[in-house]
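Everything below concerns the one structure shown next.
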Amino acid sequence: MRIYYFLLFILLASSVEAQMDTIHLSDVIVSDSRLKNQSKTQQVLILNDSVITKNSNSLTDLLNLNSSIYFKENGVGMVSSPSFRGTTAQQTSVLWNGISINSRFLGQSDFNSGTGINYDEIAIKPGGGSVIYGSGAIGGSVHLNNNLKFRKGLGVDLLAKYGSFNTLGLAGKFSNSNDRLSYNLSYARNSSDNDFEIESKNYINRNGQFWNNTFDGSLGYKLDARNQFSLFLQAYQDERHFAIVEEYATKTKYENQNFRGLLTWENRWNRLNSNFKLAFLNEDFKFYDRLEDDPTSHGKLNSLIGKYDGTFRVNNQLNTSFLAEYTIDRAKGDGNGIVNPQRNTLNLALLMSHQLLDKLYYEAGIRTEFTEDYESPLLYSFGVNYSPIKFYEAKFNISKNYRVPSFNDLYWEPGGNLDLKAENSLQFELGQNFTWKKNTLGVNLYYNDISDMIRWVPMNGFVWSPMNTDEVISKGVEVFTHLQKSFANHHLQLNANYSYTISRNKATEKQLSYVPYHKANVALTHAYKDFSWFLQGMYVGEVFSTTDESEMFKIDKYQVWNAGVNYEFGSNYRINLGFKVNNLFNYYYQPLLYRPMPMRNYGLQLKINL
């Protein structure tokens, strides 16, 4: 029956008379065009270059201080897991240039395994997105994009940072482009001894050192007025020692290597815009439970992804799209029970967007997936954007979403569970935006009903195992604002986010672990001629670390503030000197039980744009 609907749609679309149009390719290759074209009924937060530079140490720092996502961070540079709208880390989808890069082993992405400075654009999209992005897009999605620009000539950007605990950051980007060709090369390195001390707690962060390297390359070429090609490459390598809680505890570490390659071809023919993608993803990890020994757990995974995204413009108001994606996953493990798992997945989706009236727009989609060992439900989404007056718009969206178990969920020894079912989610959300001049105030209300949620729970002794727990209801409100004002040579800007989240097991009526009721952040920037300063703060309410809301293991609420100053000068090239104080008021806080973060510390930055 599902195939029948797909064939019927294609026949109807092909029966519409084609028309020859003048084609002009844009001056920018947008790597994730679907984010731009199918997101008008949900909120999307896009972080610009200046915000990324202020928080370039890690993606965790960047998103923690500029979005409503909560992070369960095992310490500076350690494993960092997001909670988006009260969901788990596996229910947040991370996409690199439109391709899902959540680990097939873990089912999630580690937000301390990369920095924002490697990307031209970072977008945060709350809410369900499985119709477009597939498994895992339940709580929301994070988009890491490299966009190629033409007719910009030669550009060189250099960045050097040094701070407390021998923390070093280096980055460089070289770009060049003309009318037809555009290419970028970049490199970033971060390292730290991470040996901070908290005297009041008699604590020293031992065995917390880490380093990582990221190489990026992209190439775009316009063959003619109808065809353009692009190539994106990324290589990542890190080594992280896991900080020990007690002085004489056994020291461990983790090594990780990733490689990503993506080739795209965009073709425009009459009213049909086709985008072909071919991607290769490689994961390789090693875990050492004793530093002096060989790795005790090792895993490799190769993924090959072929994707077609075609949009047919019926007229100026109506677009229809067909998406097809085939993924081949092959893994191999040693010392962890993951011997030789494999998975083949076929996804098919139909989308439609329609500007019905000047003030009324809607979009809809359905998706079906064929996965070995799992039967996916028919997914759907429907959204409306209504703008009755110039400064106000209302958004409504409903979506059916899901997630299949990861390889670790199924095969990890000890604890893997081959009887797991896929997670399902039905989500409603209502958003309202008020916009005047360059200022915005937005409010989101959402309700998410998640069934068969997979959570690792203790079984006996020290063995944990994933189980399909009872139904979970996640609901809440998000408020965000962007205000700016310019006068004379002064420019003021304020960004703020607040979220109230209830995420409870329906059977026990208990809040899920590591989901705060309250989270807020604010950033204030003032620029005067070549001088600027900023103040950013974050508040996180109390968090339960156990599923029974035990007061004994509750994490206290905390707040952290950072401040910095920058001075920029130069004519033919620009030099920016910056100084930053992290944890300005020297608060003691821990986002994860027994994993405290540094007290007040400092950083220097030098940025050169040639």
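The values are calculated or read from the model by the stated rules, or taken from the named source; none is laboratory data. The structure presented is a predicted model; accordingly, all values stated were derived computationally and were not measured. Here the Cβ is made from the backbone with ideal geometry for all residues, glycine too, and neighbour counts use every protein chain on show. With ligands, DNA and RNA removed, areas are computed over all heavy atoms of the protein, side chains included. Shrake-Rupley method; radii C 1.70, N 1.55, O 1.52, S 1.80 Å.
Looking across the range 357-378, the residues that are modelled with pLDDT under 95 and among the hydrophobic types (A, V, I, L, M, F, W, C) come down to LEU357, PHE370, LEU378.
For every residue, the table says whether it meets (1) farther than 28 Å from ASN601 by Cα; (2) open to solvent by 60 Å² or more (accessible area, probe 1.4 Å); (3) outside any strand (DSSP E or B).
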{"residue": "ASN212", "(1), (2), (3)": "no, no, no"}
{"residue": "TYR221", "(1), (2), (3)": "yes, yes, no"}
{"residue": "ALA225", "(1), (2), (3)": "yes, no, yes"}
{"residue": "ALA235", "(1), (2), (3)": "yes, no, no"}
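For every residue, the table says whether it meets (1) surrounded by fewer than 16 Cβ atoms within 10 Å (Cβ to Cβ); (2) closer than 29 Å to GLU197 by Cβ; (3) without any contact (Cβ under 8 Å) to a residue 24 or more places away in the chain.
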{"residue": "TYR517", "(1), (2), (3)": "no, no, no"}
{"residue": "ALA527", "(1), (2), (3)": "no, no, no"}
{"residue": "SER545", "(1), (2), (3)": "no, yes, no"}
{"residue": "TYR567", "(1), (2), (3)": "yes, no, no"}
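Please determine, by comparing only the residues of the range 119-160 that are touching a Lys or Arg at 6+ places or on another chain (Cβ under 9 Å) and of a type in the set (D, E, K, R), which one is nearest to SER353 (Cα to Cα).
In this case the residue turns out to be ASP120.
Reported count of residues in the range 42-89, each being over 24 Å from LEU168 (Cβ atoms), open to solvent by 20 Å² or more (accessible area, probe 1.4 Å) and hydrophobic (A, V, I, L, M, F, W, C), is 3.
With respect to MET597, determine if the residue is in a loop (DSSP other than H, G, I, E, B) and open to solvent by 30 Å² or more (accessible area, probe 1.4 Å).
Working: in a loop (DSSP other than H, G, I, E, B): yes; open to solvent by 30 Å² or more (accessible area, probe 1.4 Å): no.
Judged against the criteria, MET597 is not a match.
Of the numbered criteria (1) more than 22 Å from the chain's Cα centre (by Cα); (2) surrounded by fewer than 18 Cβ atoms within 10 Å (Cβ to Cβ); (3) closer than 26 Å to TYR498 by Cα, the one LEU426 fails is (1). Restricting attention to the range 192-228, the residues that are closer than 30 Å to ARG180 by Cβ, under 25 Å from the mean Cα position of the chain (by Cα) and of a type in the set (Phe, Trp, Tyr) add up to 1. Of all residues in the range 309-368, those being part of a strand (DSSP E or B), more than 26 Å from ILE398 (Cβ to Cβ) and open to solvent by 50 Å² or more (accessible area, probe 1.4 Å) number 6.
Among residues of the range 92-109 that are of a type in the set (Lys, Arg), those with a Cβ under 9 angstrom from a residue that is assigned to a loop (DSSP other than H, G, I, E, B), sequence gap 6+ or separate chain, pair up as ARG104/PRO341; ARG104/SER406.
When THR60, THR53 are screened for being over 24 Å from GLU283 (Cα atoms) and outside any strand (DSSP E or B), only THR53 passes. Selection over the range 117-141 of residues that are assigned to a strand (DSSP E or B) and open to solvent by 10 Å² or more (accessible area, probe 1.4 Å) gives a count of 2. Taken over the range 487-510, the criterion of being open to solvent by 70 Å² or more (accessible area, probe 1.4 Å) and either part of a strand (DSSP E or B) or acidic (Asp, Glu) (or both) is satisfied by PHE487, TYR498, TYR500, ARG504, GLU509, LYS510. Among the residues of the range 381-396, at least one is assigned to a strand (DSSP E or B), crowded, with 22+ Cβ neighbours inside 10 Å, of a type in the set (Gly, Ala, Ser) and modelled with pLDDT of 90 or more.
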